[in-house]
Amino acid sequence: MKIVDIRATTVTVPLEAPLRHASGAHWGRFVRTIVEVEADNGLVGLGELGGGGESAEAAVRGLRDYLVGHDPVNLEALRFAIANPTASLYNNRIQLLAAIEFACLDLVGQHLDVPVHDLLGGRIRDRVPFASYLFYRTSNADGTGEVRTAEQLVEHALALKAEHGFTVHKLKGGVFPPEFELDGYRALAEAMPGDRFRYDPNGALSVAQARRFGEAIKDLPNDYYEDPTWGLNGVRQLRDLGIPLATNTVVVNFEQLATNVRDPAVDVILLDTTFWGGIRACVKAAAVCETFQLGVAVHSSGELGIQLATMLHLGAVLPNLSYAADAHYHHLTDDIIAGGKMSYQDGVIAVPSGPGLGVTLDRAKVAEYAELYKELGGYPYDRDPARPGWYPLVPNERWADPAIAT
Ligand SMILES: [Mg+2]
């Protein structure tokens, strides 16, 4: 099998409402680039990467000359062919490598008529548990969808729990002053006794603020405290809190993982199939974590169904997946895969069992959302439309005002 062509199509798919985070917001939709890698046997493998819009399309197309003639089975060679670790200092291709790796795994799986998880050691579980991923939200143009107050947050979480069966809940914070978000987090725990919780301010708190917040939630059933402050050297100062500490921001490659093993800062590594450069890199990282008894979970950087499939195949094969995965997926109103959005039942999603990634494109949906992207364009992830001119500091002090309805 040889690669003969590579295509990229940027789409934008609406969210139920704009999602706020410490650095800005998702402005009511996700922008994702769908990658198609075609082989000489007529098979097409699918990949996906985030953001970027036209620049992502151009970056993917720019790899065509590197990929044509390459056998998609040769995944280890692929890593060096397009993301040599020293050359990557200049060309920064790890996330592109991830999208191409997904597509090559999809091709190989289709070619052999086996699901991707069979190429990764075989599945240990048929279903992957997910946490509800709770965001503060600004309202839609019609006034619906706002999540700002503790009451709105609890109402939103209970609705998601009723619809999807979540028993683990993650609050994305770093938007409002920490003491306000503390009230929201505690209200969630009070409203859903028996469930588990995690708080993630995306590193926006100072070490002292993170310590105060941590002390104030110690009595709750916390899975972990995610990126409470910035950096391994900041987080390491919180090791005496007695709450497991997690990151998806400062352990995203093997050098950083080694640093964390030699001088421990975090207890749980959130593996992102894009940030790490593919599903296989995450499997390798999970093996290091198994060796050193670090926890692992599956991270979400915002996904449509192709990327979600990569997360499900990853979750299926990790023996040490000791926490529910994260996904933004339930915030989407639609998807570009055939059959529509995958569904949660009792807080889990079934691992696709078809050949390759087990998902195919709904061409009409791809065309519809590619058109919507052309109409709306991109959006700046690191800006908040509710606060023109604003940008955060790290640690932050420019919090959103919880008294202002949006
Ligand atoms: Mg995070």
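For residue 80, are the conditions met, namely being in a helix (DSSP H, G or I) and of a type in the set (Phe, Trp, Tyr)?
yes
Given the condition more than 16 Å from the ligand (Cβ to nearest atom), out of contact with any Ser or Thr (no Cβ under 8 Å at 6 or more places or on another chain) and modelled with pLDDT under 95, answer yes or no: does some residue in segment 318-328 qualify? Scanning segment 318-328, I find at least one residue that is more than 16 Å from the ligand (Cβ to nearest atom), out of contact with any Ser or Thr (no Cβ under 8 Å at 6 or more places or on another chain) and modelled with pLDDT under 95, so the answer is yes. Among the residues of segment 212-237, the one identified as under 23 Å from residue 167 (Cβ atoms) and β-branched (Val, Ile, Thr) is 217. Scanning segment 149-196 for residues that are under 24 Å from residue 348 (Cα atoms), surrounded by fewer than 20 Cβ atoms within 10 Å (Cβ to Cβ) and in contact with a Gly (Cβ under 9 Å, 6 or more places away or on another chain) yields 154, 161, 164, 165, 167. Looking at segment 197-225, which of its residues are surrounded by fewer than 20 Cβ atoms within 10 Å (Cβ to Cβ) and assigned to a loop (DSSP other than H, G, I, E, B)? Result: 206, 218, 219, 220, 221.
When you check residue 267 against the structure, is it within 16 Å of the ligand (Cβ to nearest atom), among the acidic types (Asp, Glu), under 25 Å from residue 122 (Cα atoms) and at pLDDT 95 or above, yes or no? When the stated conditions are applied, residue 267 does not pass them.
Taking first residues from segment 216-233 that are within 12 Å of residue 268 (Cα to Cα) and not assigned by TED's automatic domain parsing to the domain that holds residue 250 and partners that are at pLDDT 95 or above and in a strand (DSSP E or B), no Cβ contact under 9 Å between residues at least 6 apart in sequence or on separate chains turns up. Counting only residues that are more than 12 Å from the ligand (Cβ to nearest atom), out of contact with any Phe, Trp or Tyr (no Cβ under 7 Å at 6 or more places or on another chain) and not in a helix (DSSP H, G or I), which one in segment 231-252 is farthest from residue 202 (Cα to Cα)? Step by step, filter segment 231-252, then rank; the result is 242. The single condition among (1) modelled with pLDDT under 95; (2) polar (S, T, N, Q); (3) within 20 Å of residue 299 (Cβ to Cβ) that residue 86 does not satisfy is (3). Here segment 141-188 is the region considered, the condition is being among the charged types (D, E, K, R) and within 16 Å of the ligand (Cβ to nearest atom), and the residue that is farthest from residue 325 (Cα to Cα) is 181. When each of 301, 322 is tested for being closer than 24 Å to residue 132 by Cβ, surrounded by fewer than 17 Cβ atoms within 10 Å (Cβ to Cβ) and not β-branched (Val, Ile, Thr), the lone residue that passes is 322.
Taking the criterion of being surrounded by 24 or more Cβ atoms within 10 Å (Cβ to Cβ) and more than 18 Å from residue 315 (Cβ to Cβ), the only residue of segment 252-276 that qualifies is 266.
Could you list, in sequence order, the residues of segment 325-334 that are surrounded by fewer than 24 Cβ atoms within 10 Å (Cβ to Cβ) and touching a strand residue (DSSP E or B) at 6+ places or on another chain (Cβ under 7 Å)? The answer is 328, 331, 332, 333, 334. The set of residues in segment 216-230 being within 14 Å of the ligand (Cβ to nearest atom) and among the charged types (D, E, K, R) consists of 223, 226, 227.
Considering 98, 81, 8, 22, the condition of being surrounded by 15 or more Cβ atoms within 10 Å (Cβ to Cβ), over 18 Å from the mean Cα position of the chain (by Cα) and touching a residue at least 40 places away in the same chain (Cβ under 8 Å) is satisfied by 8 alone.
Annotation: of all residues in segment 54-78 being under 15 Å from residue 279 (Cα atoms) and in contact (Cβ under 8 Å) with a residue 60 or more places away in the chain, the one that is surrounded by the fewest Cβ atoms within 10 Å (Cβ to Cβ) is 73. What number goes with the only condition from (1) under 18 Å from residue 324 (Cα atoms); (2) within 20 Å of the chain's Cα centre (by Cα); (3) within 16 Å of the ligand (Cβ to nearest atom) that residue 204 does not pass? Looking at each condition in turn, residue 204 falls short on (1).
Residues that are part of a loop (DSSP other than H, G, I, E, B) and farther than 16 Å from residue 21 by Cβ within segment 147-171 comprise 149, 165, 166, 167, listed in sequence order.
The values are calculated or read from the model by the stated rules, or taken from the named source; none is laboratory data. This one's a predicted model, so the numbers in the text were calculated from it and none came from an experiment. All Cβ positions, glycine included, derive from the backbone under ideal geometry; neighbour counts span all protein chains shown.
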